[in-house]
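Below is one structure, written out as structure tokens; comments come after it.
Please treat every number below as a calculation from the coordinates, not as lab data. Being a predicted model, the structure only gives us computed values, none of them experimental. Cβ atoms come from the backbone with ideal geometry, glycine included; neighbour counts cover every protein chain shown.
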Amino acid sequence: MRISMKRLLFFVLFTMLFADNLGAQIVPGLQYSDLKNIYYAKEYKHMPGDPYSPALSALGSFFIPGLGQFCCGEKGRGLGMFAAGAAIDAAMIFSVTQFTYYLDPDGALFTNVDEAAKWAYASLGFTIGAVVYGIVCSIDAISVAKVRNMYYRDLKGLQAFDVDLHPSLDFVQTQKGATPAAGMTLSMRF
């Protein structure tokens, strides 16, 4: 299959134009709110040298909401998640203290069974809420780490998108025998 030189030139120019437009969006100092519109966490492939670990970010954010985001450079996002997690924990602690307030001093009987039951259910609800919130923070931390790693690669020029155009020489079989045919080889790495 022969490709005309015009089509090949158009393809190379189009590819270079696309690569330049991608690079124009990448400037130092972008935050996750901007980066999530450029990069997609689902497209992330681990590469040696990635500065952020999605697994460690998730683990940190599960136990301390916002820690993974904070460690990935998203300080405002991490502090906001930490504040929300602290509010859930404070509500859980308050409900547990209210529950124990309605216990008999000996701990054997409840002084007010109805109030104790309300606070017991509230304690259970806040505990479940804290676990669910930890999972949500972990999922977000994974996404933040992956997107920040892709951003880091582009800033450092480590992204595996590369276009090379090399001259090539091949022999084509004709009626007169083999004749040399010159051409260009286009190679693209993603």
Exercise. Taking the Cα-to-Cβ direction at Ala55 and at Asn112 and moving 7 Å from each Cα, how far apart do the two end points lie in nm?
Worked result: 5.0
Seminar exercise, completed: Taking every other residue with Cβ under 14 Å from the Cβ of Val132 and scoring Lys and Arg +1, Asp and Glu -1, one gets -2
Exercise. Contour minus end-to-end for Leu79 and Glu43, with contour as 0.36 nm per residue of separation and end-to-end as the Cα-Cα distance?
Worked result: 10.3 nm
For this session: Could you please report the charge total around Ser53, scoring K, R as +1 and D, E as -1 over all other residues with beta-carbon less than 13 angstrom from its beta-carbon?
Result: +1
Exercise. Using 0.36 nm per residue, how much length does the chain from Tyr121 to Ile135 gain when fully extended, once their Cα-Cα distance is taken away?
Worked result: 2.9 nm
Exercise. Which value in nm describes the separation of the simple spin-label points at Leu155 and Phe63, placed 7 Å from the Cα toward the beta carbon?
Worked result: 2.7
Exercise. What pairs in Lys42/Lys156; Lys42/Lys75; Lys45/Lys156 have C-alpha atoms more than 19 Å from each other?
Worked result: Lys42/Lys156; Lys42/Lys75
Problem set entry | Protection-proxy order for peptides 138-151, 37-50, 84-97, 174-187, each taking the mean of Cβ atoms within 10 Å per residue, highest first | 138-151, 84-97, 37-50, 174-187
